[in-house]
Structure formats: structure tokens, C-alpha cells
1. Residues that are part of a loop (DSSP other than H, G, I, E, B) and open to solvent by 10 Å² or more (accessible area, probe 1.4 Å): does the range 199-206 have at least one?
2. Return the pair list, or none, for Cβ contacts closer than 7 Å from residues in the range 419-430 that are in contact (Cβ under 8 Å) with a residue 40 or more places away in the chain to residues that are assigned to a loop (DSSP other than H, G, I, E, B) and open to solvent by less than 60 Å² (accessible area, probe 1.4 Å), at least 6 apart or on different chains.
3. Residues that are within 30 Å of Gly302 (Cα to Cα) and crowded, with 17+ Cβ neighbours inside 10 Å: does the range 105-112 have at least one?
4. Under 6 Å by Cβ, and 6 or more places apart or on different chains, what pairs join a residue from the range 347-364 that is open to solvent by less than 40 Å² (accessible area, probe 1.4 Å) with one that is acidic (Asp, Glu)?
5. Condition test on Thr272, is it of a type in the set (Val, Ile, Thr), farther than 22 Å from Leu173 by Cβ, open to solvent by less than 40 Å² (accessible area, probe 1.4 Å) and over 17 Å from the mean Cα position of the chain (by Cα)?
6. Report yes if some residue within the range 292-300 is part of a strand (DSSP E or B) and surrounded by 16 or more Cβ atoms within 10 Å (Cβ to Cβ); otherwise report no.
7. Just one of the numbered conditions (1) over 29 Å from Ala33 (Cα atoms); (2) without any contact (Cβ under 8 Å) to a residue 60 or more places away in the chain is not true of Cys377; which one?
8. Just one of (1) touching a Gly at 6+ places or on another chain (Cβ under 8 Å); (2) over 30 Å from Pro189 (Cα atoms); (3) without any contact (Cβ under 8 Å) to a residue 40 or more places away in the chain trips up Trp85, so point out which.
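The values are calculated or read from the model by the stated rules, or taken from the named source; none is laboratory data. Given the structure is predicted, the values throughout are model-derived calculations rather than measurements. Reconstructed Cβ throughout: ideal geometry from the backbone, glycine too, with neighbour counts over all protein chains shown. Note: accessible area is taken over every heavy atom of the protein model, side chains too, but ligands, DNA and RNA are not part of it. Shrake-Rupley method; radii C 1.70, N 1.55, O 1.52, S 1.80 Å.
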Amino acid sequence: MAPIDGTFDYDLAVIGGGSGGLACAKEAVNHGARVAVLDYVTPSPQGTKWGLGGTCVNVGCIPKKLMHQAALLGESIHEAISYGWEVPSPDAIKINWSALTEAVQNHIKSVNWVTRVDLRDKKIEYINGLGEFKDPHTLVATLKNGTKRELTARNIVIAVGGRPHYPDIPGALEYCISSDDIFSLGHPPGKTLVVGAGYIGLECAGFLNSLGFSATVLVRSVPLRGFDQQMALMVTNEMEERGVAFHHKCIPLSVEKLESGQLKARWQNTETGEQAEDVFDTVLMATGRYALTKALNLPAAGVTAVTGSGKIAAQTEQTDVAHVYAVGDVLEGRPELTPVAIHAGRLLARRLFADGLQHMDYENVATTVFTPLEYGCVGLSEEAALDRYGEESIEVYHAFYKPTEFFIPQRNIRNCYLKAVAERGGAQRVLGLHFVGPVAGEVIQGFAAAIKCGLTMEQLMNTVGIHPTVAEEFTRLNITKRSGKDPNPASCCS
């Protein structure tokens, strides 16, 4: 029970040991707060579990980027032949799945260990228990051995993140995996069906295909919902041209395990009603994520979650209970991105313990989809800009381009494309930048800072590019969609 005299065990208790929660905890300690972090990973339906660090470190950004890199390296080996490298038996080059997953997991375990040591060095108490509210200031942690521990805190931050959603169909929970499982899968995935075409589904299908495993994607509505749809089409076109199969307007009906151990999946086209089926070695569910708030007993604290999603509406990370806050993926209507959670967590800690005044700015947050040909963006999509400002107030500059490194191996350049969405009048302030091509994440990061500073098209066009890079293509934009001119480049150096 929370103390009546106002004394608490901790100044801050954080529920969730992911990126946002840990950043908030460490920043709070830097300003003299007494802090505890509660973290517990419930195994996935397939039994996968992991250590401290949250989704990003264990089953998200980090292993995803490593798998993506493995796929790029495989492609580079074959391209090296065109550049004169003598590669013995190129047809025999293949991925060793167990060696790959072992390397990825070893890196993750090292990060888990460093995170534990960091908490200990900063005198943050780490409680490996599943936390829930007993009252507005009291938390109960259920430990591994089933025992319970109570603690009180003046301030509490909910940073539990989310987990993959499974569709309510026969066989989903019993036989299917998710992104929680793929990075440590104990056997090669083989022929894989990916259900869902958000960024997680496309990234997984992309690296699996590039690693040599047949990949099929079921798309319920549109690929990369919430992203610019013209760019999403470029991404999926590239994937199709590389061999990924897409079934559009399709939803899964069932997954059945055969005597052979393989999985028979059935699905239906929602427009035609036609049903189809095929046999796969692995079925990966990527049908969205849900917030892990149901286990927190929020009513005991008086905190309200959004019905259905389980997310929490908190305009400035403060919930409807003054001393209870939330950061990261549990927030309704906020980008589900690790750097967003980290920055919001740090700023919150400074407001709580260092008289900070700065709030998180959720506008113009850059991100990248690590598909085989990456897609990086910052700011508004073309659709969002048209919806917000109207067609007559928006100018879209666009161009196809030819990466220099693609020429000798004669790589496909059809989907290398970028655009800037800008205000039509005045100085033409840039509202959004979109880029599909190599190292899109590295390209878009620098331009994100420029957007924050109020970048205009005039400034962009007067920026001298670094030649020959793909990033310089933004400085060469000069053709608008409105003009109807051909956006294909005439030459490399003029």
C-alpha cells in the first residue's frame, strides 16, 4: 500500500526494460533520482524468450539489420564477379542459417549483458519480474519463481511496448511464428509464407528471399500502410522482381500441420471470395502488434487505456493520472520507433527531475524500411500533404536515378526513385522527403535535420551534392509532377 506520509521506496519506477524505459531510468539517475526497472519477457507462443533490452535489441531493429546485412553481403558476393573478383563456384554460395542465427544471438546476448552491467553501475535496481499496479503508487512484481514483491514509487513510467498480434484462425498460435521467433529459429525457415505487408512483414520477406528462402506475402489491404503509397509500390515492385510472391487483398483462413511436418495454409481473396492454399515450411505472422497493457491492472492505478488497442493516450507522456506516464510503443498515435521512445524517455526524466521544459516533438521523425531496396522517409507522405493542404498548395518534385555502383553488375534501377513534397507558394518549405534506394537510412538521416530546420526547395537545390553518391540526388531535384516532364535522368554528371 502506498505510504500515507508521502515517502516512497523509489522516486521513479519504470515498467519495461526496453529502449524507452531504460533511457528514462538512466537519465533520471543522472539527476539524482532513486530508480527501479521492472522487466519480464513472457515467452512467445512458440516458446521464444530473451534478455533485458526490449524489442529493438532482442527481436527488432538490431537482429533485423544484421539479417538485412547478411542478405546484402550475399548479393555483393555475386556482384563482385562483375567487378573482376574471381569467386570460386558462385553457384555453391549459400547461407548457413545456424551460423547466421548464432552470430546474431551472440551479439544480442552481449548487448543484454552490457545493459545489465550498465544498470548495476548506475545503481538502478533491476527487478526481473512481471509488474502490475496494486494502487496508484504501488507496484507488484511477480518474479520467476512465482513469489511477489511490492514496491512504491512517487512517479511511474509505463514502457512495456508491444508484442506481435496473431489472427484468430485455426493453427495460428500452434504452428506459426512471428518476428519474436525468426531471428533465433533453430532450423532454416525454408519456403515461407509471410502474413502481413507492414514494414515488419516486408523486411522479413525481403531478407528471407535474399538469403535463398522462397517467400510469399499475403497483403490484406495495402503494403506499408501509413507510408507514402507510391514509394510502397516501388518497394514491392522491387521485391517482386527479385522473386517474392505477393497475393493482394487476401486474408488467412487456417494453418494446418501435415504429417510431413510442413504447414498447409489457406487464404481467401476478400474481393473475389476465391480461396487458395499452398504448403510451406514456415508461416510467419506479421499482422500488427498490440500494447502489453492488459497485464498491468491499469484500473487499480486509475489509468485509462484506449479500448481495443490497449494503448494509452498521453499528449505529453502524462496519462490521466498525474504521476503516471507512458513512453514508447504503448502510446496511442505515436511513431513506434526506438529513437522516439529513447528521446521521449530522456526528456520526460529531465522534466521530472531536472526542471526540464522540453517536450518530445513527434513531427518530422525520420524512419527507414530495411527491405532489399531500402525506403527512407521523413515528414509528410504525398497523400497526407494533399489531404492537409490541398492539391493546389502542394508541389511534388521527383526523379528516377541510376546509382553508379549498379552499372557494372547491371542491377535493376527501375525502382530507384525519390521525391520531395513541398509547399507550392513562397519559399516552398519542404514537408516530406522520400527515397527508395541503397543505404536509404543513411541518406535520409542528414536530411531529417534539415527538415527540422525548415528546409526549403531553394536551399535544397542550392546545396552542392557529393558526387557520385545516391544522397546527392536530392540536390538535383528540379522536375515537378505538375509539369508532366520525364523524371528520368539524362546523364550521370550534368
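1. no
2. Ala420/Leu477; Val421/Leu380; Val430/Leu455
3. The answer is no, given that none of the residues of the range 105-112 is within 30 Å of Gly302 (Cα to Cα) and crowded, with 17+ Cβ neighbours inside 10 Å.
4. Leu348/Glu317; Ala349/Glu27
5. It is false that Thr272 is of a type in the set (Val, Ile, Thr), farther than 22 Å from Leu173 by Cβ, open to solvent by less than 40 Å² (accessible area, probe 1.4 Å) and over 17 Å from the mean Cα position of the chain (by Cα).
6. So far as the range 292-300 goes, no, none of its residues is part of a strand (DSSP E or B) and surrounded by 16 or more Cβ atoms within 10 Å (Cβ to Cβ).
7. The failed condition is (2).
8. Unmet condition: (1).
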